[in-house]
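Read the structure below first, then the notes.
The values are calculated or read from the model by the stated rules, or taken from the named source; none is laboratory data. Values in this document were obtained by computation on a predicted structure and should not be read as measured data. Cβ atoms come from the backbone with ideal geometry, glycine included; neighbour counts cover every protein chain shown. Areas reflect the complete protein model, heavy atoms only, side chains present, ligands, DNA and RNA absent. Shrake-Rupley method; radii C 1.70, N 1.55, O 1.52, S 1.80 Å.
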Amino acid sequence: MKYRVAVAGLHIESGTFSPLRSRAEDFLTLRGDEMCERYPFLSSESFADLELVPLVHFRAMPGGCLVAADYDRMKEEIIERLRDGAEGVDAFYFDVHGALSVEGLEDAEADLLGSIRAELPSKAWVTCSQDLHGNVSEKLWRMTDVMTTYRTAPHVDWMETRERALALLLRGLRSGRKPHRAYVSIPVIVSGEMSSTEYEPGKSLYAPLAEESQQAGIWDASLWVGYAWADQERVGAAVVVIGDDGDAVKSMAELVARRYWEQRKNFTFITEAAEFSKCWQEVIADDAGRFFLSDAGDNPTAGGAGDVTDTLERLLCAQSNGPQKKSVIFASIPDAAALHEMEQKGVGSMVRVKLGGKLDPLHGREIEVTGEVRFLLGGENAQGVLRVNCVDVIVSEKRRPYHLRADFIKLGLDPECVDVTIVKIGYLEPELKAMAWRHMLVLSAGGVRADFWEQKYEKRRRPLFPFERDFSWEPEAKLILG
Ligand SMILES: [Zn+2]
């Protein structure tokens, strides 16, 4: 016999502190069989008794709050497809990021899964995989039978995690008995820049989970860091443990949570962090080249708009007035209108353009710059390079990440051959890290500022570390018996 498992998801990390809005057209939508490419492991023998019923999957790069009407439409499509194609399914796989913010909703994933659950047969199971930057509320947890998340940041185990969510589901379905499941919400929130699993304390907090998931009575132990840039009560770290021994499940959840709590004061930026002027002093004093700066406050891969000009403006000012000019790559400012003007003039010509400050006018203004068009790349990922005062500013049509060396090479740029590369990012992705001689994090303006505790929150829970620093807390797991 085969277990029929319907799958759908709405995958985005979206914050509430940027005026940027995410819309339906920002999402890559896979419908029906197109979705199968997300789960190539299902062709293996160990999944032979699973029949996938792919419904629809929406995925976008991080951004601002999703517009309510667009969310409603996407939710409606999931529900309609569920009604049409998923009658009598044995289970549902909720394939999401976990930090979706929607205008007017406090807990969007719980809202969506609640509506899905209402359509499922009452006996159907629910499994869920998430990014460890998801904010897991008790409400969401209560609607799932299996829940697991990444164990790495940068996230290299995304495929493994999807596989685990389905393998654990199958393990349960085959046994015919739901696992016991424990949940602890930890009153601690740290930012992505502080919680890489390549550095302490993230490294030691995540490393034991794989082995602990193999212990007697335990099926899986998962730990979420949470997502800081949303003003919601659910924001915080969380632990979910499942297994077939209730006592073991509960104590494992409390152990993982306590271990996290005890390390809370040791989460720091994984590299030196400072205001731009301080970072630039270090740049000037350093002659080795390959100096990387993260313009972290406007990191589009964490939900920033990407077109905040604050750091670029300070950089151009430092180049004009400082003791010496450096060769700099600045990645990037998304601005379709400015790129269009560059394209009109062509490579080699001088242009004067108004740059940035359109998606997020709250944290940075539109600036006017004059420069030489050095490179143009057409097609779906249209980009151009504008050289302004020894700074090669990448102007892109759309918001996009710069994580690979190839992202620069194809624009005629090479971070290995310039003094400084500034990327709108937090911690450096592996290829950038490999190129960097030195790396500093700029505490810059934007919707995802690295020093998030300076941001005004109204709805967050209290107490919550690091907003409140001196309070005691004991982990007490909630337990649902299978
Ligand atoms: Zn993440």
For this session: Determine, yes or no, whether residue 61 is among the aliphatic types (A, V, I, L, M), open to solvent by 20 Å² or more (accessible area, probe 1.4 Å) and closer than 17 Å to residue 306 by Cβ.
Result: yes
Seminar exercise, completed: Note: among 84, 145, 90, just one is away from the ligand (no atom under 16 Å from the Cβ), charged (D, E, K, R), open to solvent by less than 10 Å² (accessible area, probe 1.4 Å) and farther than 20 Å from residue 13 by Cα, namely 145
For this session: Kindly list, by first and then second residue, each pair from a residue in the stretch 120-149 that is aromatic (Phe, Trp, Tyr) to a residue that is assigned to a loop (DSSP other than H, G, I, E, B), limited to pairs with Cβ atoms under 9 Å and residues at least 6 apart or on different chains.
Result: 125/90; 125/144; 125/145; 125/178
For this session: Within the stretch 191-220, track down each residue that is open to solvent by less than 10 Å² (accessible area, probe 1.4 Å), small (Gly, Ala, Ser) and free of Cβ contacts under 8 Å to residues at least 60 places away in the same chain.
Result: 213
Exercise. How about the stretch 124-136: which of its residues are in a loop (DSSP other than H, G, I, E, B) and within 16 Å of residue 171 (Cα to Cα)?
Worked result: 124
Seminar exercise, completed: Exception for residue 471 within (1) over 17 Å from residue 192 (Cβ atoms); (2) touching a helix residue (DSSP H, G or I) at 6+ places or on another chain (Cβ under 8 Å) falls at (2)
Problem set entry | Yes/no for residue 471 being modelled with pLDDT of 95 or more and within 25 Å of the chain's Cα centre (by Cα) | no
For this session: Tell me which residues, restricted to the stretch 402-446, are outside any loop (DSSP other than H, G, I, E, B) and either on the phi > 0 side of the Ramachandran plot or open to solvent by 10 Å² or more (accessible area, probe 1.4 Å) (or both).
Result: 405, 406, 407, 409, 416, 417, 430, 431, 433, 434, 438, 439
For this session: Could you grab me the full set of residues in the stretch 241-250 that are in contact with a helix residue (DSSP H, G or I) (Cβ under 6 Å, 6 or more places away or on another chain) and among the hydrophobic types (A, V, I, L, M, F, W, C)?
Result: 241
Problem set entry | Residues that are open to solvent by 40 Å² or more (accessible area, probe 1.4 Å) and touching a strand residue (DSSP E or B) at 6+ places or on another chain (Cβ under 8 Å), drawn from the stretch 266-297 | 269, 272, 275, 282, 288, 290
Seminar exercise, completed: When the stretch 323-348 is checked residue by residue, the ones that are of a type outside the set (Asp, Glu) and open to solvent by less than 30 Å² (accessible area, probe 1.4 Å) are 326, 328, 329, 330, 331, 332, 333, 334, 338, 339, 342, 346
For this session: Answer yes if at least one residue in the stretch 49-71 is closer than 17 Å to residue 90 by Cβ, touching a residue at least 12 places away in the same chain (Cβ under 8 Å) and assigned to a loop (DSSP other than H, G, I, E, B), and no otherwise.
Result: yes
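Yes/no matrix, rows are residues, columns are (1) more than 21 Å from the chain's Cα centre (by Cα); (2) outside the structural domain of residue 305 (by TED's automatic domain parsing); (3) within 25 Å of residue 232 (Cα to Cα):
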position: 426; (1), (2), (3): no, no, yes
position: 430; (1), (2), (3): no, no, no
position: 433; (1), (2), (3): no, no, no
position: 441; (1), (2), (3): no, no, no
position: 455; (1), (2), (3): no, yes, yes
position: 463; (1), (2), (3): yes, yes, yes
position: 466; (1), (2), (3): no, yes, yes
